[in-house]
Structures are given as structure tokens and as C-alpha cells.
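Take a look at the structure set out below.
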Amino acid sequence: MINEQLTDPKSIVIIGGSNTIRKPGGKIVKNCIDGGYKGELRIVNPKEQQVQGITSYSNVIDIPDTDLAILAIPAKYCLETVTVLAKEKNTKAFIIISAGFSETDETGASIEKEIVAVINSVNGCLIGPNCIGVLNKNYKGVFTTPIPQFGSEGCDLISGSGATAVFIMEAGMLLGVQFANVYSVGNGAQTGVEDVLEYMDLHHNPETDASIKLLYLETIKDPQKLLKHASSLISKGVKIAAIKAGSTAEGSRAASSHTGAIASSDMTVRALFKKAGIVYCSSREELLSVASIFKYKKLKGKNIAIITHAGGSAVMLTDVLSKGGLQIPAIDGEDAKKLESYLHPGSSVSNPIDFLATGTAEQLGIIIDYCEHKFDFIDAMVVVFGSPGLFDVENVYDVLSVKLDVCSKPIFPVLPSVINARKEIETFLSKGNINFPDEVVLGKALSQVYKTSSPSSNHIELPKINTKKIRSIIDRANNGYLTPEDTTQIIDASGIPRSKEIIENSKENLLSKIKQIPFPLVMKVVGPLHKSDAQGVILNVNTIEEVTTNFDSLMRINDATAVMVQPMLSGLELFVGVKKEPGFNHTILCGLGGIFIEILNDVAAGLSPISEVEAKKMITSLRGYQLLQGSRGKDGINEFQFIEIIQRLSALVEAAPEIVEMDINPLIGTKNEITAVDVRIAIEKTQA
């Protein structure tokens, strides 16, 4: 629980403050003094009478009441110290720098829990333990450097890792990225990244607060809180970008279904970020590039003009932008010819616009003006301009700085000559600009920003399903995979169209019913989880004799319990599925189905509940979307019904949260209808 004693303390005590600034306690004291803290600063250190000019108390019991305590002492002394401060010194905010808690062993975890209990008992706030501290406009409560100058126009940074927060600040300051509040939550024993974001949302003031939030997450303890407050902040005009580390899912090796095999924690996190409107980043470089993009004018379209004197950089940037879904449209016509007349012979304006190594500041200004005023189809510009070290490029950067202000279209400056043009770049940054030193990193980040939509609506209307019937089946079922009979009833109650089928473990019973389904048939083994791997699927069965022979061979397969017979349907094979990650809402997946699901891995994911708009975006984001539309003379599928099936799947898991894994693979899609052919549902009633 973030409180005023943490954000704006009138008094701070540093437990373990030292005269040695190479120690964490000493560096925190120095940073608070150098940072101009205006409140009462106190020190507790039994070995010192004065610490950096401040009187030192020998025991915490001797200090006056204090708002905030920063502890830089061994873990074994922290519980006793916190107890005295909370119970006797009216301290309501704590930052514990010390390590040796839950990140170490069970003993440390136990002490950590006791500390949290003490702080909770006085409605206090804890940051840490095992963190670097907090930076804001009121105090610099960290033991690290650099200490960026506070600026409300900068970025708030909330990090689960102290070292990573330092690395982000270091790299960001070199680019011209500014920072406002910095929270390093460490173990997040009481206050995690989501809790800090919640505080920023509930207390948001658009006039004074930073409009950009950067997150580094190692765990997401409360996905719903993150989704709620990130969505709320973004709806208020705030921009958020985040890294989620540790998203691989080694456990997927043991997954029993197609969905389990392809779904990963990373996929679920991406779905959460997409629903919230958070820009997903894979690295510190990309996070800072996205933050830099946020500081420039908004990209409103996908047509980019690349302006450069470096052909290789232009080619690499073109490649990465194109792969990311942006376009570098050709520039031609009378205006293009007129522009070319202002440039040196050999220049090209076709896009990329290459005005050669001898290009001048004046020529750059003319090119930008043409892209701004003449080429209406251009939505943004990337200017790549370095220096071979032969001449001063400051006048070029001056022109660029002016154009950044006066142009209505966004311009993204790539100034890669961080050695040859170091002084000129420093001057450029001193004017409040931000540099992108690497065009490929910029291109990836720009694509991510463009692809990230606004937060999903909180009011999602799902199709009506027979919830009563579904609940009756789930309530009486055992954990694990549902029986084929129960699965069929669940699908019918969900309103998902399915193929007619017969399931029998008796050849005589099967033959007596076989006339219900017209030839040709498909025969499948019931029992083994992966039918294809067990050679348990037989296609194009056309006679009763074949049915008889195939029944015997299928029943001889290990773990076979019955045989399923269905009509042989033709069309495009599709896939939908469900995976439940602990703590998260269900992840709904869709893609091309059949045996190609793992081979192509062309899968889109969304977090339930899924709106019609979200379902539409899922299917249009597939690399194979052209197949769904129809291509090379082949019909496409009924997209509206595919969208409805995704939504019905979402409605199903909302009604039955016990579903932990589910496959419908394949669905056979035609231009008229989509039919579920093979369905598996696994439930786990003990999962949260």
C-alpha cells in the first residue's frame, strides 16, 4: 500500500547509514544529501557519532518519530528494527535494501513474512526487501547511480529488478530519455509492480504526473490488478511499455494436448498486455526505444518515408519495418521529380530517399518539407544521418531539431555516429530531443507501438450458452479429460456446431448404427491422446467391410477404449483451444489446424473474455489469414462463424473456469459453415 510517508516523507531515517560511500548505507545518505532532501534526515549507526555531517544515533529506540525508514543492515536484524519503528516510532513507510530474505531460503522467507505482518498491522508500506530503493522529486532513496534529474515530462519506471532499473536509467540517459519516479520493488513482499501501478492510477493527475510508464516484471502476482490499472491509465492518456522476463514454459514439453504444447507463459502475458494496451518489449533496448517513440508525435498510419545518406541502414530499416507490418511506399510523380532537382546527382527519392553522403542540411530540410506537405500518403519519417568524421554535422542536426517541432507528422531521428558526432548529438539531446542510435531496434519498436491497440472494453457481451447444462456436467465430472460423451454435451451446450459421430466399443453396435452417417467416413481411436501419432486415424472409409476391418485394427492400439466414426468432411482445417495459466484468465488460441498446428505454429492468442473486435483481430493477425479469406481459386471460410466460435469458447470458460486445457482440432471450415470434428477438454477443480 503506497502512502504519503513513502512518496513525500517529512522525515527519513537511514538504518546503517555510513561515512563510507562505497557501502550501500553510506551511498544512500550521500544521494539523499546531494539530491537536496528538505526534510529531517536521521542516521542510526552505533559505530559512528556523525555520518556525513549528520548526527548518528546509536540505537533506533533513540530517534524521534519518523515517516520513512530505509534499512541497509543485515537481514537478521531487520525484523526487530522494523518492529520498533512501526510500533514505537510511528513509522509508516519502509524501504529495505538488504538481501537475504525469500530470494535466499525458507528462513529468509519466514522473516520476510513476519516483517510484512508487522508493517501491515500499522497500515504501513514496504518497498523491497532486496531492492535499490525509490527515486522521486522529494528524495533520492537509492544506493546506486546514476541519479537522473527528476522531470515530470519524463518516464516513471517500476522494476522488479534493481540492477535492471539501473541499466535502463543508464542507457536511457545516453539517449535523452528522462525519468520521473523510479520504484525498485525487489522481492515485492508487500508491494509489487502492480500495486505501484494501482497507486499511480488511483492518484493520477494529468497536469503533473508522467505520461509514460515503463515496467520491468519478473513475476505477475496479480494479473487482474495489472490489467485493470494499466487499462485505466492508458484510457486516461498514459502510455505504458513493459518487459516480462522469465516467460518461457519448459513445462510445455509434458503437455498432453496441442494447446498445451503450443501455449506458453509468454503467449499468455502477450495476451494480457494486448488486452490492456501495453506495448510488449523483449529487451531494455526495445523498451527505451518505445519510450522514445512515445515522446514524439503519434504515428497515425503505416506509410513511412526513410530519409538517409546511408544506403545500408536504409535497407536494414526497410526490412524490419516491412516485417513488422509497416510500409515504405514508393514515391514518384511530378513532386518527386521536383524534389530530386534540389538534390545532388545520383540521389534517389523513390523511398528510401537517399541524398548521399554529401547531402546538406538545406537538402534535408527540403526533403522533410516535401514529405510533410507534398506527399500526403506519407504518415511519418525516419531520418538516418551519421558522420564519417570529415565535417561538422551540427547544422544538419539543428535543422532536424527545428523540423521535429514544426512538422505535424512524426519524425524519428537515427543518429548512429555516437563517437564521430558525439558533441553534435549531445547538443541535439540538450534541446530535449531523443536519439535512436540503431535503426533496426527503432524499426522493431515502431512496429510494436503501431500494432498495439487501445485497451479492450470492460463491457464485453458474449454469446448466450446453456450454462446450467455445462455446470451440471462439470460439477459431476472428475479431474482430467472429460469422457467423449460429456465433451459432446459441453460442445452442444456451448452452441458450437460439431460433426455427427458414433462412439462404440462394440463392433456389432457400431455396425447397427453406421447407416446414420453417409460414406465416406473417418474412423478414429478413442483413448490415446494423440491419435495421429498412434496411427489411430483412418480416412476415406467407403464400405461396411472397411469399417469392420478398421474397427479391429483401431481397438488393438494401446490404451484404445472405443472407436469414433464421423463423416469425412472437406474444407480448411482450423484450430481453437484454451489454456489456463495460474492467476490469469483463460488464454484462447486460434490458428490453422490439423497436423500443421505445431509445424506452422501460426497461432493467435487472446485473454478471456474476448469481444467480437478482439476475436476479429486474432484471426486477421494470423500469417495464414489469406487462406481464411480464400486464395488461388479456393474458397475461404465463414469468418463470422469463426469469430462466433472463439467467443463461444470464451463464454464456455467463463461458465466453467475449471477447464484448464481444451482443443478443438480440427474445425473444418468452408465458406458456408465451420464444424468441430475432434474435441478434448481437461478440467482441474483444484486450480484457482
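The values are calculated or read from the model by the stated rules, or taken from the named source; none is laboratory data. This is a predicted model, so every value here is computed, not measured. Cβ atoms come from the backbone with ideal geometry, glycine included; neighbour counts cover every protein chain shown.
Beta carbons closer than 8 Å, at least 6 apart along the sequence or on distinct chains, pair a first residue in segment 487-500 that is assigned to a strand (DSSP E or B) with a second that is charged (D, E, K, R) and surrounded by fewer than 18 Cβ atoms within 10 Å (Cβ to Cβ) for Arg498/Asp492. Hey, could you check segment 273-305 for residues that are of a type in the set (Val, Ile, Thr) and within 24 Å of Glu198 (Cα to Cα) and say which is farthest from the chain's Cα centre (by Cα)? Here the residue is Val290.
Wholly within segment 160-255, which helices (runs of 4 or more DSSP H) include no fewer than the required count, namely at least 2 residues that are outside the structural domain of Phe584 (by TED's automatic domain parsing) and β-branched (Val, Ile, Thr)? Helices (runs of 4 or more DSSP H) meeting the threshold: 162-175, 193-202. Residues in segment 4-48 that are part of a loop (DSSP other than H, G, I, E, B) and either in contact with a Ser or Thr (Cβ under 6 Å, 6 or more places away or on another chain) or not assigned by TED's automatic domain parsing to the domain that holds Ala75 (or both): Gly39, Asn45, Pro46, Glu48.
Results for (1) of a type in the set (A, V, I, L, M, F, W, C); (2) modelled with pLDDT of 95 or more, shown as yes or no for each residue.
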| residue | (1), (2) |
| --- | --- |
| Thr483 | no, no |
| Asp492 | no, yes |
| Val537 | yes, no |
| Thr561 | no, no |
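Scan segment 594-633 for residues that are farther than 24 Å from Gln448 by Cα and in contact with a Leu (Cβ under 8 Å, 6 or more places away or on another chain) and the total you get is 2.
Residues are listed down the side, and each one gets a yes or a no for (1) touching a residue at least 24 places away in the same chain (Cβ under 8 Å); (2) not hydroxyl-bearing (Ser, Thr, Tyr):
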| site | (1), (2) |
| --- | --- |
| Phe436 | yes, yes |
| Val441 | yes, yes |
| Lys444 | yes, yes |
| Ser447 | yes, no |
| Lys451 | yes, yes |
| Asn458 | yes, yes |
| Ile470 | yes, yes |
| Ile473 | no, yes |
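The one condition from (1) hydrophobic (A, V, I, L, M, F, W, C); (2) part of a helix (DSSP H, G or I); (3) within 20 Å of Glu661 (Cβ to Cβ) that Phe551 does not meet is (3). Residues that are modelled with pLDDT of 95 or more, in a helix (DSSP H, G or I) and under 28 Å from Gly154 (Cβ atoms): does segment 301-315 have at least one? Within segment 301-315, not a single residue is modelled with pLDDT of 95 or more, in a helix (DSSP H, G or I) and under 28 Å from Gly154 (Cβ atoms).
Of the numbered criteria (1) crowded, with 16+ Cβ neighbours inside 10 Å; (2) touching a residue at least 60 places away in the same chain (Cβ under 8 Å); (3) under 27 Å from Ser457 (Cα atoms); (4) within 25 Å of the chain's Cα centre (by Cα), the one Pro582 fails is (1). Report whether or not Ile70 is crowded, with 20+ Cβ neighbours inside 10 Å, within 41 Å of the chain's Cα centre (by Cα) and either more than 21 Å from Val142 (Cα to Cα) or not small (Gly, Ala, Ser) (or both). So Ile70 fits the description; yes.
Condition (residue is on the phi > 0 side of the Ramachandran plot and buried (at least 24 other Cβ atoms within 10 Å of the Cβ)) applied to segment 155-174: is it met by at least one residue? Among the residues of segment 155-174, not one is on the phi > 0 side of the Ramachandran plot and buried (at least 24 other Cβ atoms within 10 Å of the Cβ), which makes the answer no.
Evaluate the following for Phe596: is it surrounded by 22 or more Cβ atoms within 10 Å (Cβ to Cβ) and either on the phi > 0 side of the Ramachandran plot or of a type in the set (Phe, Trp, Tyr) (or both)? When the stated conditions are applied, Phe596 does not pass them.
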